[in-house]
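Participant: Below are the structure tokens for one structure; questions will follow.
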Amino acid sequence: MESAEIARRFLRFFEERGHTVVPSASLIAEDPTLLLVPAGMVPFKPYFLGQRTPPYKRAASVQKCVRTPDIDEVGKTTRHATFFQMLGNFSFGDYFKDDAIPFAWELLTRSEADGGFGFPEDRLWVTVYHDDDEAAELWNKKVGVPAERIQRRGMADNFWSMGVPGPCGPCTEIYYDRGPEYGREGGPIADENRYLEVWNNVFMQFERGAGGGKEDFPILGDLPAKSVDTGMGLERMAAILQGVDNIYEIDTTYKILDRAAELTKTRYGRDERADISLRVVADHVRTGTMLVADGVLPGNEGRGYVLRRILRRSIRNLRLLGSGEERYMHELTAVAVDVMGELYPELKADAPQIHGVIDAEEASFLGTLRTGTAIFDAAVEETKRKSATVLSGDQAFQLHDTYGFPIDLTLEMASEQGLKVDEEGFRRLMKEQRDRAKADAAAKKTGNADISVFGQILEKAGKVEFLGYDQVSAESE
Ligand code: ATP
Ligand code: MG
Ligand code: MG
Ligand code: MG
């Protein structure tokens with residue numbers, strides 16, 4: 001089943017059950033506490049909080065999402081993308097657990113011929129929040145899931161919040177058992193690779209405050225009404241329904257991966273390192289395309305930095321695959337526009353702008369790599385001449401600070417030369433630089449009579465790497 005069909009089916013199912021289909025909001029969150037939209041509920045947050053009256057009691061959407069905290073998982077796990085689409089049904093003070101749970105079950109298990117996804121019942125496992133007897137009862141008695149396939153989990157896993165102040169509540173998650181070739185038995189508690197989480201149903205009930213981690217944030221009180229927020233991962237559903245191993249091999253993403261393999265003359269499935277690079281390229285090109293389409297431009301802060309990091313990681317992985325000085329982003333972006341165009345027709349019209357932005361970033365990063373590589377080579381030579389085996393923290397810092405070399409690039413290139421890097425020294429210098437910037441910013445806040453200092457702050461701040469982007473994002477459980 002194609003990705004676009006999965007989206008259509010989901011929306012049709014909920015439309016038939018009284019939900020208003022709402023188009024995806026932009027990835028650029030209107031919510032000032034977020035940089036990018038990490039979950040389908042974000043555009044509806046004011047409705048849950050009772051700050052705005054929803055024009056409908058029930059809604060369904062396919063929301064574009066970006067989750068930067070998952071970036072290091074990309075290509076290594078089978079299930080984490082930086083851009084993905086969340087299919088969701090929502091109730092704003094209308095139905096609660098006793099309808100949400102049977103809805104989810106019905107859609108997943110109803111036959112394909114009948115408009116469902118046709119999952120065999122005995123492949124499905126569910127988790128509930130540890131004290132949510134009501135949800136456990138509904139799964140067991142109303143829906144008929146055997147007790148041994150209902151697992152209970154604590155705050156970190158089964159109590160959902162955005163990671164920032166807002167609505168929150170206990171959740172119940174649905175997992176698909178991919179079989180023993182994917183890992184240990186024993187349900188999602190035992191192995192989240194074998195048991196693939198496909199759908200989270202959140203019972204929005206409370207409002208959380210700021211601070212605290214996943215498990216210890218303050219609860220400010222009850223929401224004005226009990227509501228439902230669900231999120232089903234379109235790419236994970238596609239992986240199951242298309243019978244592929246991971247979300248990078250589904251209809252849309254695989255075409256980008258395949259083209260990257262072709263351009264770099266690499267064979268997918270031969271070498272794990274190259275495979276990871278191909279998956280990263282495919283994922284990141286797709287994400288970069290969607291971000292630029294929503295108006296994000298590469299930069300050194302905030303969203304711009306997220307985009308820059310994603311594009312640079314794609315380019316670097318292409319080089320690891322042997323692209324050398326070749327510029328392949330244009331071709332890969334064209335494939336991304338093409339495959340994503342079915343669900344987002346506006347991409348086709350935006351293609352020239354998307355290409356322009358991504359090509360410019362590629363040219364500039366390749367320039368960075370070119371000058372930086374000369375400096376890097378000199379540092380390697382000097383290290384080897386001294387019969388040392390470690391590149392100094394100073395050298396790594398200079399490469400980062402002056403030539404924009406990400407540390408992981410320095411690490412990788414050093415390892416290709418049989419060298420290590422004094423990472424601790426590098427991190428110490430980074431921290432010193434950050435502390436200086438913080439002190440400058442504090443001086444600015446308390447008001448400094450000597451205004452010439454502002455120029456210096458700006459100059460320094462421009463160089464400081466933005467670090468806040470993955471602290472401000474949806475908490476994942
Ligand atoms: P995981 O535990 O696998 O990281 P999660 O619990 O963080 O997932 P939720 O916050 O519950 O995910 O999001 C709802 C749904 O969105 C998930 O059930 C999954 O299908 C999908 N999803 C979440 N993160 C990703 C991702 N990085 N890539 C693709 N799909 C995702
Ligand atoms: Mg997660
Ligand atoms: Mg999870
Ligand atoms: Mg979850």
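FYI, it's all coordinate maths here, none of it is from the lab. A quick note: this is a predicted structure, and the numbers were derived from the prediction, not measured. Please note: Cβ atoms are built from the backbone with ideal geometry, for glycine as well, and neighbour counts cover all protein chains shown.
Participant: May I ask you to sort Asp99, Asp70, Asp283 by Cβ crowding, counting other Cβ atoms within 10 Å and putting the fewest first?
Facilitator: Ordered from fewest to most neighbouring Cβ atoms within 10 Å, Asp99, Asp70, Asp283 come out as Asp99, Asp70, Asp283.
Participant: Now for a separate question. Kirkwood hydrodynamic radius for the range 92-207: how many Å is it when counted over pairs of different Cα atoms?
Facilitator: 14.7
Participant: A follow-up question, please. Under a Cβ-only charge scheme (Lys and Arg +1, Asp and Glu -1), can you give me the dipole magnitude of the range 3-241 about the Cα centre, in debye to the nearest 20?
Facilitator: For the range 3-241, the charge dipole is close to 540 debye.
Participant: Ranking request for peptides 165-176, 101-112: highest mean number of other beta-carbon atoms within 10 Å first, then the rest in descending order.
Facilitator: The most tightly packed comes first, giving 165-176, 101-112.
Participant: Continuing with the same structure: For Val421, which sequence-distant residues (separation of 5 or more, or a different chain) have an amide H within less than 5 Å of its own amide H, given hydrogens modelled in the peptide plane?
Facilitator: Leu391
Participant: Please give the peptides 211-218, 192-199 ranked by average Cβ packing (other Cβ atoms within 10 Å per residue), highest first, as a rough proxy for protection.
Facilitator: Ranking the peptides 211-218, 192-199 by packing returns 192-199, 211-218.
Participant: Given H placed on each backbone N at 1.01 Å, which residues far from Val145 in sequence or on other chains put an amide H within less than 5 Å of it?
Facilitator: Asn140
Participant: Mind jotting down a quarter of the surface of the convex hull over the alpha carbons of the range 250-385, in square nanometres, one decimal?
Facilitator: 9.1
Participant: Give the order of Phe48, Phe365 when sorted by the count of other beta carbons within 10 angstrom, beginning with the fewest.
Facilitator: The order, fewest Cβ neighbours first, is Phe365, Phe48.
Participant: From the phi of every residue in the range 154-164, what ³J(HN,Hα) in whole Hz does the Karplus formula 6.51 cos²θ - 1.76 cosθ + 1.60 yield, where θ is phi - 60° and glycine or proline is x?
Facilitator: x, 3, 4, 9, 10, 9, 9, 9, 6, x, 9
Participant: Write down the Å³ per residue value for the convex hull defined by the alpha carbon atoms of the range 127-273.
Facilitator: Per residue, the Cα convex hull of the range 127-273 comes to 156 Å³.
Participant: From the phi of every residue in the range 404-420, what ³J(HN,Hα) in whole Hz does the Karplus formula 6.51 cos²θ - 1.76 cosθ + 1.60 yield, where θ is phi - 60° and glycine or proline is x?
Facilitator: After applying 6.51 cos²θ - 1.76 cosθ + 1.60, I find x, 7, x, 4, 5, 5, 4, 4, 5, 5, 5, 5, 4, 9, x, 10, 9 Hz.
Participant: Can you run phi through the Karplus equation (6.51, -1.76, 1.60; θ = phi - 60°) for the range 330-344 and list ³J(HN,Hα) in whole Hz, with x for Gly and Pro?
Facilitator: Using θ = phi - 60°, the values come out as 4, 5, 6, 4, 4, 5, 4, 4, 5, 6, 7, x, 5, 8, 10 Hz.
Participant: Next question. Please list, ordered by chain and number, the residues whose modelled amide H lies under 5 Å from the amide H of Leu220; skip anything fewer than 5 residues away on the same chain.
Facilitator: Amide H neighbours of Leu220, under 5 Å, 5+ apart: Glu207, Arg208, Gly209.
Participant: For the chain, take every pair of Cα atoms, bin their distances at 20 Å starting from 0, and report each bin as a whole percent.
Facilitator: Distribution as computed: 22, 52, 24, 2 percent.
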